[in-house]
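Encoded as structure tokens, the structure appears first; notes follow it.
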């Protein structure tokens, strides 16, 4: 007879003892395996009780109804994707799998998704998210950017088969716009829509030629627009590197992307009109600019002509300037030459007078009058009789010539 326990666990892992005896761990693992095998992933409905978020990011709560309760855990990765904060008393749908927490030997429900039950709960969850994102500054007006006046390429994130892309292309066609359109297709409705929109946003923002982006869909019910209020989508729109227009197309239920985008358009068509000016409108703008430019240039030229005429009247012919310069040079030359010549003559006369005085006072003039200069052999001039000795030879300089003499007495 087959033994299901030994089939599941090798004999060497089962405690040796009374036949069929299991350890607590072995029994717990059997129960865990049976639960996982007997209960595939499923949805469970109930009311939240004893909600407790942990510092690690995991969420713990009890899901209860009138007669029973179920322990639920949601791990950090899945909890970070929730678009709302669970609260006690909230009716929700929880998707996940049954499992066993082996350390305590209790069974629990491991949740991967939690959705509010009913439209009221969904609106409350979105409102919670709106307040939280608003407190972070994602909707601040000073963060909004202006749309480019004349973009060359527009990116569009929407369904490739929906009305939104058809309306956008129709507007561009009717306006004869030269704008290039790059479609990044995405699901815009359903559980997979947020992930699809995120992938489409990543693709379109990676193109450097895109000047602005339109994200949206062609209207729908409140539930149809939920993807555009997903926290991940909202943050992706808020961090978009180029100006972005949210065109969800619903006037009553405003998606959160409408609040965080740089510009909100009521419809995809209106968004297209914002970024694609019509050919007629562009021609009118260019004509107006050309007229204003021509008028301005005319005024500038007229003013310049007036200033040129005035300057021409004040100009003097270069020949006259040269003649005036020559006359000025002649005048300065005359005024400079006459005083110099006069002073030179005065200096010459004075030099002649001084020369005459020097000649009259010089030794030669004295000698010419009959005087003589007596010198000793060493050249010393004799000025007194006691300076010489009897028999000493002396030189006597006369007016004309020199003689040698001996002192007799």
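The values are calculated or read from the model by the stated rules, or taken from the named source; none is laboratory data. This structure is a prediction, so every number in the text was calculated from the model and none was measured. Glycine also receives a Cβ, built like all others from the backbone with ideal geometry; neighbour counts cover every protein chain displayed.
Go through (1) farther than 26 Å from residue 190 by Cβ; (2) outside any strand (DSSP E or B); (3) touching a helix residue (DSSP H, G or I) at 6+ places or on another chain (Cβ under 9 Å); (4) not assigned by TED's automatic domain parsing to the domain that holds residue 270 for residue 150 and report which single condition fails.
With respect to (1) farther than 26 Å from residue 190 by Cβ; (2) outside any strand (DSSP E or B); (3) touching a helix residue (DSSP H, G or I) at 6+ places or on another chain (Cβ under 9 Å); (4) not assigned by TED's automatic domain parsing to the domain that holds residue 270, residue 150 is out only on (4).
State yes or no: is residue 72 surrounded by 15 or more Cβ atoms within 10 Å (Cβ to Cβ), out of contact with any helix residue (DSSP H, G or I) (no Cβ under 9 Å at 6 or more places or on another chain) and either modelled with pLDDT of 95 or more or more than 25 Å from residue 194 (Cα to Cα) (or both)? It would help to see each step written out before you state the result.
Details: surrounded by 15 or more Cβ atoms within 10 Å (Cβ to Cβ): yes; out of contact with any helix residue (DSSP H, G or I) (no Cβ under 9 Å at 6 or more places or on another chain): yes; either modelled with pLDDT of 95 or more or more than 25 Å from residue 194 (Cα to Cα) (or both): yes.
When the stated conditions are applied, residue 72 passes them.
Within the range 83-129, how many residues are buried (at least 19 other Cβ atoms within 10 Å of the Cβ) and either free of Cβ contacts under 8 Å to residues at least 12 places away in the same chain or in a loop (DSSP other than H, G, I, E, B) (or both)?
Residues that pass the stated criteria total 4.
I need the full set of residues from the range 180-203 which are surrounded by fewer than 22 Cβ atoms within 10 Å (Cβ to Cβ), under 29 Å from the mean Cα position of the chain (by Cα) and within 19 Å of residue 246 (Cβ to Cβ), in order please.
Applying the first criterion (surrounded by fewer than 22 Cβ atoms within 10 Å (Cβ to Cβ)) to the range 180-203 yields 180-183, 185, 187, 189-193, 195-196, 198-199, 202-203.
Checking which are under 29 Å from the mean Cα position of the chain (by Cα) leaves us with 180-183, 198-199, 202-203.
Result: 181, 182, 183, 198, 199, 202, 203.
When you look at residue 29, is it under 55 Å from the mean Cα position of the chain (by Cα), outside the structural domain of residue 225 (by TED's automatic domain parsing) and either surrounded by fewer than 14 Cβ atoms within 10 Å (Cβ to Cβ) or part of a helix (DSSP H, G or I) (or both), yes or no? Break it down into steps so the answer makes sense when it comes.
Numbers: under 55 Å from the mean Cα position of the chain (by Cα): no; outside the structural domain of residue 225 (by TED's automatic domain parsing): yes; either surrounded by fewer than 14 Cβ atoms within 10 Å (Cβ to Cβ) or part of a helix (DSSP H, G or I) (or both): yes.
Here the answer is no, as residue 29 does not meet what is asked.
Of the residues 184, 229, 159, which is without any contact (Cβ under 8 Å) to a residue 60 or more places away in the chain and touching a helix residue (DSSP H, G or I) at 6+ places or on another chain (Cβ under 6 Å)?
Details: 229 fails: without any contact (Cβ under 8 Å) to a residue 60 or more places away in the chain; 159 fails: touching a helix residue (DSSP H, G or I) at 6+ places or on another chain (Cβ under 6 Å).
Only one candidate qualifies: 184.
Which residue out of 336, 358, 351, 332 is modelled with pLDDT of 85 or more and either on the phi < 0 side of the Ramachandran plot or surrounded by 10 or more Cβ atoms within 10 Å (Cβ to Cβ) (or both)?
Details: 336 fails: modelled with pLDDT of 85 or more; 358 fails: modelled with pLDDT of 85 or more; 332 fails: modelled with pLDDT of 85 or more.
That would be 351, the only listed residue that is modelled with pLDDT of 85 or more and either on the phi < 0 side of the Ramachandran plot or surrounded by 10 or more Cβ atoms within 10 Å (Cβ to Cβ) (or both).
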